[in-house]
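Here's the structure, in C-alpha cells; my notes come after.
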Amino acid sequence: MALAIQRLMCYTVIHKTITVETGGGEEGLKLIISNVSGVPIYEQIKRQVKAAILSGELKEEEALPSLRTLAKDLKISVLTVTRAYTELEQEGFVKNVQGRGCFVLGSGSELMKEQLICKVENGLTEAIKAAKIANLSNEELHHLLDILLEANTDD
C-alpha cells in the first residue's frame with residue numbers, strides 16, 4: 001500500500017504551470033515546466049522566454065522576473081534560473097544589468113535580428129512547400145506575398 005501511495009505522489013507533479021509577473025506586463029509570462037520531459041529546466045525556461053520575446057509577448061526593455069523570484073515561484077535553484085538568463089544574454093535576447101535585473105533587448109540586437117531572420121526563413125520555407133502542394137506558380141506566390149505585405153503595412 002505504501003508503494004502505491006509513493007508512486008501516486010511521484011506522478012502528481014508532472015508539469016508545473018506558473019504565471020510570473022514581468023516588469024511591464026499586465027498578464028505576466030506563463031512558463032510551463034515539466035520535470036519528465038527530458039529537457040533540462042534551464043533550457044525549458046530559456047526556450048519559453050525566447051519564444052515570448054520573438055512573438056512580441058515580451059517587449060523591448062521589459063524586465064524579466066528577478067532570479068530569486070522566479071526560482072522561488074518555480075521552486076527551483078537560483079543557479080538554474082541564472083543559467084537560463086545567462087544563455088539568453090549570450091544569445092542576444094536579454095541584457096543583465098547588475099543590481100537592476102534582466103531586460104529584453106530590442107530587435108536591433110544583431111543576434112536577435114539573426115534569430116528573427118531565421119524565423120522568417122522557416123515560415124517562408126513552409127509557405128513555399130504549401131504553395132507547391134497547392135500547385136501555385138511562382139508568380140501566384142509572389143502576388144499572394146505582395147497582397148499580404150500590403151495588408152500588413154499598418155502593423
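Please determine whether any residue of region 71-89 is open to solvent by 30 Å² or more (accessible area, probe 1.4 Å), within 22 Å of Ile117 (Cβ to Cβ) and either among the β-branched types (Val, Ile, Thr) or modelled with pLDDT of 90 or more (or both). Yes; the residues of region 71-89 include at least one that is open to solvent by 30 Å² or more (accessible area, probe 1.4 Å), within 22 Å of Ile117 (Cβ to Cβ) and either among the β-branched types (Val, Ile, Thr) or modelled with pLDDT of 90 or more (or both). Taking the criterion of being open to solvent by less than 50 Å² (accessible area, probe 1.4 Å), more than 20 Å from Ile117 (Cβ to Cβ) and part of a helix (DSSP H, G or I), the only residue of region 49-70 that qualifies is Leu70. Note on region 98-118: residues that are in contact (Cβ under 8 Å) with a residue 40 or more places away in the chain and either open to solvent by 70 Å² or more (accessible area, probe 1.4 Å) or not aliphatic (A, V, I, L, M) (or both) total 5.
Which ones in region 76-106 are part of a loop (DSSP other than H, G, I, E, B), closer than 17 Å to Leu29 by Cβ and either of a type in the set (Val, Ile, Thr) or more than 14 Å from the chain's Cα centre (by Cα) (or both)?
Listed by number, the list holds a single entry, Ile76.
A search for C-beta distances below 7 Å between a residue of region 119-142 that is outside the structural domain of Arg47 (by the TED database) and over 19 Å from Ala51 (Cα atoms) and any residue that is surrounded by 10 or more Cβ atoms within 10 Å (Cβ to Cβ) and small (Gly, Ala, Ser), counting only pairs 6+ apart in sequence or on different chains, returns Leu141/Ala131. Summed over region 35-48, residues that are open to solvent by 20 Å² or more (accessible area, probe 1.4 Å) and in a helix (DSSP H, G or I) total 5.
Taken as a whole, the condition of being in contact with a helix residue (DSSP H, G or I) (Cβ under 8 Å, 6 or more places away or on another chain), of a type outside the set (A, V, I, L, M), over 23 Å from Pro40 (Cβ atoms) and modelled with pLDDT under 90 does not apply to Gly99.
Residues in region 66-100 that are more than 24 Å from Ser55 (Cα to Cα) and in contact with a strand residue (DSSP E or B) (Cβ under 9 Å, 6 or more places away or on another chain): Lys75, Ile76, Arg100.
The values are calculated or read from the model by the stated rules, or taken from the named source; none is laboratory data. These numbers come from a predicted model, not from an experiment. Neighbour counts run over all protein chains shown; Cβ positions are idealised from the backbone, glycine included. Just the protein is used for accessible areas: all its heavy atoms, side chains included, with ligands, DNA and RNA removed. Shrake-Rupley method; radii C 1.70, N 1.55, O 1.52, S 1.80 Å.
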